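Student: Here it is, the structure in full.
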Amino acid sequence: MAGSAALCAAAAFPLAATALPERADDRPIVPRRTIVDLVRNDPATVARIRLAYANMFAWSKEHPDDPRSWPQQAAIHTHAAARGENDPNYLIHGSYFFFPWHRAYLYFHERILAWHLTERTALDPTLRLPVWNWDTNYTELSNPTIYTDKTDVSGAPNPLLHERSFLYFERDDIKALSALTFTGRDFFGYPPALDASHNGAVENGVHANVHVDMGGDMGSIHTAANDPVFFAHHANIDKLWAWWATLPGATPAPAPGDWDRVAWTFTDWDGSEIVVRPADVVHYETALRYSYAKPELPLTGPAGATDYALVHTHSRWHAPTEVRQRILSANHVSLKCLNIGVPGPGRYGIAAIVPGRTIPQHLGWFTVFIHHGVKSSNAFLDVSEARAALLHPDGIRLALVGKDLTELAVATAVLHVR
Ligand code: C2O
């Protein structure tokens with residue numbers, strides 16, 4: 001009853017904005033399932049996901065300005081990112097707003113799809129976004145088939161096909177999971193700053209690398225959400241946050257008054273405006289009515305991790321002698337660098353220049369995906385395999401690999417060891 005009254009009211013007079021916790025969502029808690037699981041075990045759900053998008057695309061031709069149309073759904077991301085160039089409350093990239101903003105965005109997109117699925121007669125209670133789980137080391141995962149098949153089983157064109165280039169796909173994204181060994185702001189990201197990417201360990205690493213690997217619209221922040229696979233990629237990012245929160249040593253989300261001085265407004269399936277604060281989306285199962293399967297691989301969390309600062313003397317970085325053995329025998333070693341000077345957005349590598357070796361040791365990639373004013377970024381690289389090079393007794397130089405090799409301008413370089 002309440003639902004249909006709200007729908008009529010929304011059509012005639014847009015409702016005043018409601019805070020998310022005041023608007024009860026009594027749908028069942030339904031899992032967001034992986035593409036691999038759906039394709040193998042549940043073609044009917046694959047068909048429902050495609051139909052929901054097909055319905056949305058068709059309706060959008062007549063209603064291109066409605067916030068529930070496909071062009072407007074995609075534009076939400078573009079506009080928020082653009083607004084973040086001047087408004088720190090919209091720094092949804094390069095700050096600790098990254099996780100909660102994208103979680104809220106996916107939630108409303110998912111509900112709007114569920115409305116289109118029914119030809120806009122009701123809110124389908126069980127439709128949930130698929131998860132593109134590129135973090136599991138199966139080769140087939142570089143090909144999210146729900147989005148890449150030319151046709152569906154009936155032979156009709158797949159509405160989710162989109163121009164993409166699959167550029168790099170190095171398939172070492174399994175290293176993504178080392179991001180889950182960080183805690184606090186190293187995981188969530190740091191408070192927003194207009195000229196810096198204050199990202200945490202997931203964002204400029206595996207998150208941005210998959211965008212760039214995918215190419216096409218996904219490769220640029222301004223166009224990324226024009227590709228429907230964006231939502232399956234971000235469901236996986238959201239899953240990493242969900243998994244991380246259950247691991248030993250994970251810390252609570254940033255406290256109210258800090259994370260919570262911001263509120264964003266989204267349009268729901270019935271046209272109503274809903275105001276969301278980051279704290280409203282932390283308990284996603286009860287508040288947002290979806291869940292994720294448990295990890296298939298054992299996960300390493302933050303518990304037991306230790307940070308050892310590298311010491312910068314004589315323009316070389318030195319690991320303290322007494323911790324070398326500990327670093328060599330650890331399970332995971334990551335290099336954390338905060339506030340690296342970068343010439344602007346782009347894809348960068350970090351390399352170690354090791355005494356006596358002619359070829360720099362490549363340590364990993366990160367991608368700065370934020371606006372034109374950006375001058376610095378954080379990087380969190382899994383260097384487990386390259387750790388020995390970092391321990392050279394004479395110290396090493398660290399270089400930023402962009403168009404050429406330049407000395408890494410960074411005050412903090414830390415080996416994060418677990
Ligand atoms: Cu808002 Cu994957 O970016």
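Student: Would you work out the charge dipole size for the range 267-374 about its Cα centre, treating the Cβ of every Lys and Arg as +1 and the Cβ of every Asp and Glu as -1, and quote it to the nearest 20 debye?
Tutor: Using Cβ point charges on Lys, Arg, Asp and Glu, the range 267-374 gives about 760 debye.
Student: Please rank 149, 195, fewest neighbouring Cβ atoms within 10 Å first, as an exposure proxy.
Tutor: Ranking 149, 195 by Cβ neighbours within 10 Å, fewest first, gives 195, 149.
Student: Can you figure out the FRET efficiency of residue 22 with residue 409, using R₀ = 41 Å and their beta-carbon distance, to the nearest 0.05?
Tutor: 0.30
Student: Among 234, 311, 223, whose Cα sits farthest toward the positive end of the charge dipole of the range 218-354 (+1 at Cβ of Lys/Arg, -1 at Cβ of Asp/Glu, about the Cα centre)?
Tutor: The Cα lying farthest towards the positive end belongs to 311.
Student: Now, a different point. Treat each spin label as a single point 7 Å out from the Cα along the C-beta direction, and report the residue 163 to residue 120 distance in nm.
Tutor: Once both label points are built, they end up 2.8 nm from each other.
Student: Let me make sure I get this right: for the chain, a, b and c are the square roots of the gyration tensor eigenvalues over alpha carbons, sorted descending. Under 1.5 in a/c it's rounded, otherwise prolate if a/b > b/c, else oblate. Which is it?
Tutor: Judged from the Cα gyration tensor, the chain comes out prolate (a/c at least 1.5, a/b above b/c).
Student: Can you tally the lysine pairs in the chain where the Cα-Cα distance is under 23 Å and the two residues are eight or more apart, or on different chains?
Tutor: Close lysine pairs under the 23 Å cut-off: 9.
Student: Can you run phi through the Karplus equation (6.51, -1.76, 1.60; θ = phi - 60°) for the range 362-369 and list ³J(HN,Hα) in whole Hz, with x for Gly and Pro?
Tutor: 6, 10, x, 10, 9, 10, 9, 10
Student: Continuing with this model, one more query. Measuring from label point to label point, each 7 Å out along Cα→Cβ, what is the residue 313 to residue 260 span in nm?
Tutor: Spacing of the two 7 Å Cα→Cβ label points: 4.7 nm.
Student: Also: Suppose R0 equals 30 Å; then what is the FRET efficiency for residue 285 and residue 40 from their Cβ-Cβ distance, rounded to the nearest 0.05?
Tutor: Using R0 = 30 Å, I get an efficiency of 0.75.
Student: Given +1 on the Cβ of Lys and Arg, -1 on the Cβ of Asp and Glu, and no further charges, what dipole in debye does the range 55-178 carry about its Cα centre, rounded to the nearest 20?
Tutor: 160
Student: Considering only 180, 194, 67, whose Cα is most displaced toward the positive end of the charge dipole of the range 18-291, charges sitting on Cβ of Lys, Arg (+1) and Asp, Glu (-1)?
Tutor: 180
Student: Another question, if that's okay. Per-residue ellipticity at 222 nm for the chain, helices alone: DSSP H runs ≥ 4 residues times -39500 (n - 2.57), over residue total, nearest 500 deg cm²/dmol?
Tutor: -8500 deg cm²/dmol
Student: Further question on the same structure: With +1 on each Lys and Arg Cβ and -1 on each Asp and Glu Cβ, and nothing else charged, work out how big the dipole of the chain is about its Cα centre, in Debye to the nearest 20.
Tutor: 760
Student: Quick check for you: which residues of the range 282-306 have the amide N under 19 Å from the point 7 Å beyond the Cα of residue 251 toward its beta carbon?
Tutor: 282-283, 300-306
Student: Using the alpha-carbon atoms, what tilt in degrees (0 to 90, nearest 10) does helix 70-83 show relative to the longest principal axis of the chain?
Tutor: With both axes taken from Cα atoms, the answer is about 40 degrees.
Student: Multiply the residue separation of residue 324 and residue 358 by 0.36 nm, subtract the distance between their alpha-carbon atoms, and state the gained length in nm to one decimal.
Tutor: 9.9 nm
Student: Another question about this same structure. If the viscosity is 1.567 mPa s and the temperature 4 °C, what translational diffusion coefficient in µm²/s does Stokes-Einstein give for the range 195-300 when Rh comes from Kirkwood over Cα pairs?
Tutor: 80
Student: Would you work out which of 88, 151, 352 lies farthest towards the positive end of the dipole of the chain, given +1 charges on the beta-carbon of Lys and Arg and -1 on that of Asp and Glu, about the Cα centre?
Tutor: Result: 352.
Student: I'd like the orientation of helix 229-245 relative to the chain: the angle between its Cα long axis and the longest Cα principal axis, in ° from 0 to 90, rounded to 10.
Tutor: Rounded to the nearest ten degrees, it is 60.
Student: Search the structure for amide H atoms under 5 Å from the amide H of residue 189, placed 1.01 Å from N in the peptide plane, and list their residues when 5 or more places away or on another chain.
Tutor: 200, 201
Student: Treating the angle as unsigned and between 0 and 90°, give the value, to the nearest 10°, between the Cα long axis of helix 2-12 and the longest Cα principal axis of the chain.
Tutor: 90
Bear in mind that the values in this text are calculations on the coordinates, not laboratory data. All of these numbers come straight from a predicted model, not from anything done at the bench. Quick reminder, even Gly has a Cβ in these numbers, built from the backbone with ideal geometry, and neighbours come from all protein chains shown.
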